[in-house]
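Enquirer: First, the structure itself, so that you have it in front of you.
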Amino acid sequence: MAGTNSPVMMPIKDLKPGMNNLNLTFIVIEIGRPTTTKESQEVRTVKVADRSGMVNLSLWNEPGKVLLSGDIVRMSRGYSGMFKNCMTIYTTKFGEFVKIGEFCMIFSETPNMSEPNAELAAQYEKEEVERKAEIAARKSGGGRGG
Amino acid sequence: MDKRDKRVAIPSRLFLHTLLDCKDEQEDKYESCYQALVQSIQGKGDKEISDSLHMEAMKSHENICTGLLVGILTEPNNCIKFYSYLSFVANDGLNFVVSEMNRLLLEKFNIMKETVQQQLIWLVRELVRNGVPGADWVCWNVMRNIIGGNTSNRNLWLADQMMNIYTDSRVWLYTMPHLVSGVIYTYLRLLEDHARHNLKELKDKEVSFLTQLIRERFSDVLSIGRDFVRLLQTVSRIPEIEQVWQEILHSPSSLSPQFTGVEQLMRTRTPRKYLVSRITPDMEKKLNFLTQNVKFGFHTRYEAWFQRSHLSSQESQSLRPDLVRFIVSVIHPSNDLLQSDVMPRWAVIGWILTTCTNPVASSNVKLALFYDWIFFDLASDSIMNLEPAVLVMHHSMKPHPQITATLLDFLSRLVNNFLPSSSDQVLLCVTAAFQHVQEKGVLPLLTPLLFNKNINQGLRKSLMRIFQSLYLMENPPVEKPTPVQEYSIIHPIPTVQFSDDEDDSENENLMINETRNNGLTSNGEAKNDNINENLMINETRNNGLTSNGE
C-alpha cells in the first residue's frame, strides 16, 4: 500500500514502490560500481536479498564504501521508489543501517523485485502525482482532502 | 535520499568497529560496569578501595568482575593492580571471568584492538601462572585463533606468545594431557607454515619446543592418533623432525614402552576436537551453516564469500587440508539432512579440491580426503569418514571425469606408497573401506566407479590389479548367474585373465546385484543419481544394526 506510515517488517517480495518506514533485514549479494554525482557524492546500486527475494538498494557515500557482499544488514525507516523503471529501496538519515553479521543467512535471488517494470513505474508515477496533489490540497485547503 | 552521511564508527574501548557496526548490549554492559568500577575506586586509598570493592561485589558479583576484566584489558598500566583486586573480590574461583574470556575468544577476538589482544594474552598468562581452573580451555581457545596458512605479524606473535606461556609453565602444562595433545597438534601444524616461509627464528624455536614435548609426552601424542602422522610427514624434511620420524618407524619403544609402531598411531582415529581446533570459530560457523542450511544449487555465492575471506592468499592454501579433515571427520550430517536438498559434503570437498591451484596443497587435500581409508578399521572408524570421498568420485564421473580419475589414481598410488613396509595392511584396510561403502549402500556397486570403462586403460588395469578382490566380488568369473558371495579378504584369490570384452557377464552380474540390493535400499531402487536415498546411515548403526534391522 502506498503512503503507509506505520513501521512494517517486510519480506522483500512484498515490497511495492511508494512504501515508507520499511524495516528490512537482508544479505548483500552484489555491490555495483559507484557513480559520482555533480556534488561529488557517490552512489551505488546494491543487490540485497532475503529468504523471499531480491531488490536493489541505492546506497550513498560512506556505507557503500565499507559494505561487503556477504554482509547481513538490518535497516529501518527505509522507503521504496522507482529508479529507471526498477523498484529501488533507500535509506533515510534517521533510519538505522547496520551490519549485524555475515554469511549465515538464507536468501533467494528470485523473484528479483527490481526487474525493469514499465507498468509498475507508470503506476507509481500516477500515485506519486495523486499523493503530491493531496498534500498540496491539504496545505492550502486546511481540511482533510479526498 | 541519504546525502552526506555523517556516520563515523562508534567509539569503543575494546573493539575496532567499522561505521556499519552497531554497539551490542554486551558492549554497553561492559562499558557501564567499567564506569561503575572507576567511580567506586577513584581517588581512594587502599583501605577504602577494598571496602568499595566488597560493597560493589555484594551488589553484583558479575558486574564488578566485568568492570575489572575491562580494566585489565584496557589499562596496561593498571592491570596488575586490577588483577589483584579481582583475585580479592571474586568468590567463584574466577569462573565468571574465565567464561567471559572464552566468549570473547570464540566470538570477538579478531575485532579486538591490538592492545586489548595483548592484554588478553597477559591475562591468560596470569591465569596459567596462578593455576586458575579453566585456564587450560582458555589456552585452547586462544590457539584456535592462531590461523593456519597465515603469517601476518599478529598471528606469528600469538603463536610465539603462547609458546612462551607453555614453556614458562611446563609443569602446569604437563598436568593437562588433553592440552599437551592440543599444543602438539597445533604447533606441528603451524610448523608447516613457518618452515615454508623461512621464519627461521620462530621455526627453530618451535622445532625445539615440539621435539621436547613429543619426546617427554609421547603418551599425549598417542592420544592424537593418525592425524599426528599426517602433520609430522608434512614437515619431515626438517632434520629434527625426520629424526623423530625415524624413531617412530624403527625404534618405537624408545619413545614410549606402550608404543608398538606407526600402525598403532594410524589405527587411532583422531578425536574431533583436534580437527576442530585448526579451524577458527568463524570458519567453523560458516562451514556448519553451509552444510546444514544452504540448498544445493544455491551455494555459489557462499563459496565465493568464504574464498574471499579465508582462502584468497597463496599462503592460505595450506588451510585447505584442515578444512577437508574438518568436513570429513567432524561434520556428520543426520539422516534427515542427508536426504534433504541441503548442500552435501562431497560438493563442498569438490569445491575445495577444484579451486586449489597450488600443487602441494592439492596433494595434501587429496591425502586429507582419504586419510581415514588408509588404516580403516570397522570397529573404530565411521562410514561418514568414507562417504565424502566416494561421493566426490562418483558424482564427478559425468561432469568432471578428470577429478574422478585423479582421485582414483591418487588412491591407487597411496595403497602402495604410503607406508611401503605395510602396503599389505593398507591394501586390506582400503579394500575393507570400499566393502563397507558398498555394504552401507553409499554405492550399491563399486564396479561402475572403480572399474569404469571410461577411465584411462592404464589406470583401470592398475585398479583392477590392486583391487582384484573387489573386482571378483562383484564380477565373479562364472558363466551362469549365481548369488554373489562376499569374498572374505583372506580367501585365496584365483588368478584370472582380465579381458576388455566382458560386457555380457557384467550385465548379468549387475542385474543380480540390483536384485540383492533391493532388500537393502530405502526405496527399492538403485539410482545412481540420487545416492543419498540409498544411504543407510542411522543412529542404530553404532549398535551394529542396519536400518532394516539386520
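Enquirer: Determine the shape class of the range B:214-320: with a ≥ b ≥ c the square roots of the Cα gyration tensor eigenvalues, call it rounded for a/c under 1.5, and otherwise prolate if a/b is greater than b/c, oblate otherwise.
Expert: Taking the square roots of the gyration eigenvalues as a ≥ b ≥ c, the range B:214-320 is prolate.
Enquirer: When the helix-only estimate is applied to chain B (DSSP H runs of n ≥ 4, each -39,500 (n - 2.57), divided by the residue count), what is the mean residue ellipticity at 222 nm, nearest 500 deg cm²/dmol?
Expert: For chain B, the value works out to -18500 deg cm²/dmol.
Enquirer: In nm, give the distance between the simple-model label positions of B:R154 and B:K295, each being 7 Å from the Cα along the Cα-to-Cβ direction.
Expert: 3.7 nm
Enquirer: Moving to a separate point now. Would you rank B:R272, A:R131 by solvent-accessible area, highest first, keeping every protein chain in place and using a 1.4 Å probe?
Expert: B:R272, A:R131
Enquirer: Given a Förster radius of 45 Å and the C-beta distance between A:A122 and B:L106 as r, what FRET efficiency does 1/(1 + (r/R0)^6) yield to the nearest 0.05?
Expert: 0.25
Enquirer: Per residue of B:289-295, count partner chain C-beta atoms within 10 Å of its C-beta, then hand back the mean as an integer.
Expert: Mean partner-chain Cβ count within 10 Å for B:289-295: 2.
Enquirer: Sort the protein assembly as shown into rounded, prolate or oblate with this rule: let a ≥ b ≥ c be the square roots of the eigenvalues of the Cα gyration tensor; rounded if a/c is under 1.5, and if a/c is not under 1.5, prolate when a/b is larger than b/c, oblate otherwise.
Expert: Note, shape of the protein assembly as shown comes out oblate.
Enquirer: Moving on to the next point. Could you report the accessible area of B:W346 in Å², rounded to 10, computed with a 1.4 Å probe on the protein chains as they sit in the structure?
Expert: Accessible area of B:W346: about 40 Å².
Enquirer: First measure r as the distance between the Cβ atoms of B:Q243 and B:T175, then evaluate 1/(1 + (r/R0)^6) with R0 = 25 Å and state the FRET efficiency to the nearest 0.05.
Expert: With R0 = 25 Å, the Cβ-Cβ based efficiency is 0.35.
Enquirer: Students sometimes get this wrong: rank B:D168, B:D92, B:D28 by accessible area, probe 1.4 Å, all chains present, largest first.
Expert: From most accessible down to least: B:D168, B:D28, B:D92.
Enquirer: Give, as a single signed number, the net charge of other residues whose beta carbon lies under 10 Å from the beta carbon of A:V66, with Lys and Arg counted +1 and Asp and Glu -1.
Expert: 0
Enquirer: Sticking with the crude label model, points 7 Å out along Cα→Cβ, report the distance from B:N198 to B:T167 in nm, one decimal please.
Expert: Taking the simple label geometry, B:N198 and B:T167 are separated by 2.4 nm.
Enquirer: Cα convex hull of chain B: mean projected area in nm², to one decimal?
Expert: Mean projected area for chain B: 32.1 nm², to one decimal.
Enquirer: Which whole number gives the average count of other chain Cβ atoms within 10 Å of the Cβ atoms across peptide A:60-66?
Expert: Neighbouring Cβ atoms belonging to other protein chains average 5 per residue here.
Enquirer: What FRET efficiency do you get for B:S236 and A:E30 if R0 is 51 Å and r is their Cβ-Cβ distance, rounded to the nearest 0.05?
Expert: That gives a FRET efficiency of 0.65.
Enquirer: Give me the net charge for the shell around B:C65: Cβ to Cβ below 9 angstrom, other residues only, Lys and Arg +1, Asp and Glu -1.
Expert: Result for the neighbourhood of B:C65: -3.
Enquirer: Rolling a 1.4 angstrom probe over the protein chains, ignoring ligands and nucleic acids, what is the accessible area of A:M87 in square angstrom, nearest 10?
Expert: Result for A:M87: roughly 0 Å² accessible.
Enquirer: Using a basic spin-label model with each label point 7 Å from the Cα along Cα→Cβ, how many nm lie between A:I100 and B:E48?
Expert: My value for the distance between the label points is 4.6 nm.
Enquirer: Give me the net charge for the shell around A:I31: Cβ to Cβ below 11 angstrom, other residues only, Lys and Arg +1, Asp and Glu -1.
Expert: Net charge in that neighbourhood comes out at +2.
Enquirer: May I ask you to list the residues of the range B:411-432 whose amide nitrogen lies under 17 Å from a point 7 Å from Cα along the Cα→beta-carbon direction of B:H250?
Expert: B:420-422
Enquirer: Past the 31 Å Cα-Cα mark, which pairs from A:K16/A:K139; A:K47/B:K273; A:K65/B:K285; A:K126/B:K295; A:K65/A:K126; A:K13/B:K273?
Expert: A:K47/B:K273; A:K126/B:K295; A:K65/A:K126; A:K13/B:K273
Enquirer: Which whole number gives the average, over all residues in A:99-107, of C-beta atoms from other chains lying within 10 Å of the residue C-beta?
Expert: If you average over the peptide's residues, the count of other-chain Cβ atoms is 5.
Enquirer: Further, regarding this structure: Could you pull the accessible area for B:S253 with a 1.4 Å probe, rounded to 10 Å²?
Expert: 80 Å²
Enquirer: Another question, if that's okay. On the Cα set of the range B:12-108, report Rg and Dmax in Å, please.
Expert: Looking at the range B:12-108, its Cα Rg and Dmax stand at 13.6, 45 Å.
Enquirer: Ranked by accessible surface with a 1.4 Å probe, highest first, in what order do B:H17, B:H250 come?
Expert: Sorted by accessible area, descending: B:H250, B:H17.
The values are calculated or read from the model by the stated rules, or taken from the named source; none is laboratory data. These numbers were taken from a predicted model, which means no experiment stands behind them. We place every Cβ from the backbone using ideal geometry, glycine too, and count neighbours over all the protein chains shown. Quick note on the areas: whole protein, heavy atoms, side chains included, nothing else; ligands and nucleic acids left out. Shrake-Rupley method; radii C 1.70, N 1.55, O 1.52, S 1.80 Å.
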